[in-house]
Amino acid sequence: MIVTDKFVFVHFPRTGGTFITDVIMRFFPSAQEIGYHLPRFLLPNEYSHLPVLGAVRNPWEFYVSWYYHVWPRDAATPLTSWLTENGKQQFEGATRNALNLGTHNGRLDALIEKLPDEVDYCKRNIPNITKDALRKIRGTGVGYYTFRFNHLFGNADELFFCRQERLRADLIHFLERIGAATDKIRAHILESEKKNTADHSHYSSYYTPELAELVSIRDRAVIERFGYTFEPAPTAQNTNMNP
């Protein structure tokens with residue numbers, strides 16, 4: 001989470017947040033990171049009056065980007081080792097485990113046991129979900145994406161969201177709304193390179209029909225809220241570089 005004197009940014013992993021962070025730290029002198037992937041409910045009271053910015057991504061695309069970002073880089077972390085069953089499962093099996101996070105009590109208990117009681121949000125590359133937070137998914141039937149969305153943003157009705165697929169335009173629009181856009185910021189947003197990208201084919205090529213349908217069930221609320229759909233790969237584009 002980054003706070004400034006004009007707004008707050010809550011960073012949802014794999015949604016273009018590294019790009020947004022770079023813009024904020026470059027152009028807002030008051031900016032300070034007060035926690036890495038810090039949930040909104042932990043926002044200090046002195047910033048509670050500020051508008052809050054978040055970012056989202058098509059859930060089908062998120063799972064592909066997330067998998068290829070954390071594996072094999074974070075293979076030994078509690079969540080990744082649980083998802084992949086210590087490397088035995090590749091994308092399909094790992095994603096199915098993530099989607100069924102709140103429906104399989106035995107596996108959920110095994111993951112909860114691996115997680116910390118408290119999180120030091122000043123540290124990076126650590127489990128940043130507590131045992132207590134994950135217990136709340138039990139019986140909800142939601143997937144990992146929806147769980148993380150709810151955990152990070154809480155009641156998100158008043159938040160402004162940048163959609164990853166139109167990240168630059170949405171970020172400029174948000175900054176214009178709060179009176180913080182300048183020509184220099186606009187030029188930087190439109191011209192700078194992507195950040196923290198993952199190299200993989202179009203997300204649709206990784207899904208079986210059954211797995212794609214499971215995403216639509218487990219992450220239905222977010223999908224419906226933002227109007228996301230499962231789209232086939234463009235005929236002239238076989239690969240995609242995504243932040």
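The values are calculated or read from the model by the stated rules, or taken from the named source; none is laboratory data. Predicted model only: the values in this text are computed from it and were never measured. Ideal geometry is used to build each Cβ from the backbone, glycine not excepted, and the neighbour counts take in all protein chains shown.
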#### Entry: segment 200-223, residues that are exposed (fewer than 15 other Cβ atoms within 10 Å of the Cβ) and under 17 Å from the mean Cα position of the chain (by Cα)
Ala221
### Query
Exactly one of (1) assigned to a loop (DSSP other than H, G, I, E, B); (2) surrounded by fewer than 16 Cβ atoms within 10 Å (Cβ to Cβ) is unmet by Gly102. Its number?
(2)
### Task
Run Glu92 past the list (1) in contact with a Phe, Trp or Tyr (Cβ under 9 Å, 6 or more places away or on another chain); (2) buried (at least 16 other Cβ atoms within 10 Å of the Cβ); (3) outside any loop (DSSP other than H, G, I, E, B) and report the number of the one that doesn't hold.
(2)
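Has segment 182-194 got at least one residue that is within 18 Å of Val8 (Cβ to Cβ), acidic (Asp, Glu) and either under 20 Å from the mean Cα position of the chain (by Cα) or not assigned by TED's automatic domain parsing to the domain that holds Ala221 (or both)?
Within segment 182-194, not a single residue is within 18 Å of Val8 (Cβ to Cβ), acidic (Asp, Glu) and either under 20 Å from the mean Cα position of the chain (by Cα) or not assigned by TED's automatic domain parsing to the domain that holds Ala221 (or both).
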### Task
Only residues in segment 221-242 that are farther than 12 Å from Phe62 by Cβ count as the first member; pair them with residues that are at pLDDT 50 or above and part of a loop (DSSP other than H, G, I, E, B), Cβ under 6 angstrom, at least 6 apart or cross-chain, and list the lot.
Ala233/His202; Asn240/His202; Met241/Thr197
### Message
Leu83 - would you say it is buried (at least 22 other Cβ atoms within 10 Å of the Cβ) and touching a strand residue (DSSP E or B) at 6+ places or on another chain (Cβ under 6 Å)?
### Response
no
